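S.K.: Below are the structure tokens for one structure; questions will follow.
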Amino acid sequence: FLWSRGPRPGYHPATVETSVEPVSAPARRAGSASITGGDARPAGAGRFLAAAGISFYGDWLTTVALVVLLYRLTGDSAAAPALYMVARVAPRIFGPTIGGSLADRLGPARIAADCAIFQGALTALIVFLAIQHVVWAIYICVAAAQLLNSVAQPAYGALVPRLADRKSTRLNSS
């Protein structure tokens, strides 16, 4: 802003004194966490981000795989993938209401972890049901897994602000 009009009269950068102390070599190697005086993120932040990323990625891979699988299991019928998408989307109406109150009562980390574990178990069950060609049960497992996913969404939303340091959170929330 000041520089947009050019330098001020009588100003020379070499004469400006600053109160910033030089950063030691270990602090430079460690990154910004040491410069700010502590770890900028909680200890489990990396694990949470990795788990959430794997879960979201796996959820979409499962979506594509199940559309193709159901299309093939039902004799190349377009109705099967359409019904799958309904089973995938419909439970998302009810889940966040339940998930928000559960996350407040039991803690968001517990809800997110428990829902991810049960969702993974349902996905494994879908594999066995596909081997047996039990299409109707696949739809039920998909609906249940998506209900669990939508229950976990408020918990994920509550965990994300905990990943930022306090200074960033206050600046962003004002």
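Laboratory data are not the source of any read-out in this text; all were calculated from the coordinates shown. Owing to the predicted nature of the structure, the values given are computational and were not obtained by experimental measurement. Using ideal geometry, Cβ is built from the backbone for each residue, glycine included, and neighbour counts are taken over all protein chains shown.
S.K.: Report the FRET efficiency, 1/(1 + (r/R0)^6), for Ala113 and Val89, where r is their Cβ-Cβ distance and R0 is 35 Å, rounded to 0.05. The partial results should precede the final answer.
M.R.: On the way: r = 24 Å, r/R0 = 0.69.
Using R0 = 35 Å, I get an efficiency of 0.90.
S.K.: Something else now. Please work out whether region 43-122 counts as rounded, prolate or oblate from its C-alpha gyration tensor, where a ≥ b ≥ c are the square roots of the eigenvalues and a/c under 1.5 means rounded, while otherwise a/b larger than b/c means prolate and anything else oblate? Before the final figure, lay out each step's value.
M.R.: Details: a/c = 3.54, a/b = 1.80, b/c = 1.96.
Note, shape of region 43-122 comes out oblate.
S.K.: If each residue of separation counts as 0.36 nm, what is the full-extension length gain between Trp136 and Arg105 once their alpha-carbon separation is subtracted? Provide the component values of the computation, followed by the final result.
M.R.: On the way: separation 31, 0.36 × 31 = 11.16 nm, distance 3.42 nm.
That works out to 7.7 nm of additional length.
S.K.: Relative to a virtual label point 7 Å from the Cα of Ala52 in the Cα→beta-carbon direction, which members of region 92-127 show backbone nitrogen distances below 17 Å?
M.R.: 96, 99-100, 103-104, 107-117
S.K.: Arranged from highest to lowest average of other beta-carbon atoms within 10 Å per residue, in what order do the peptides 60-72, 112-124, 145-157 appear? Let's see the in-between values first.
M.R.: On the way: 60-72: 15.1, 112-124: 17.5, 145-157: 21.9.
Listed from highest to lowest mean packing, they are 145-157, 112-124, 60-72.
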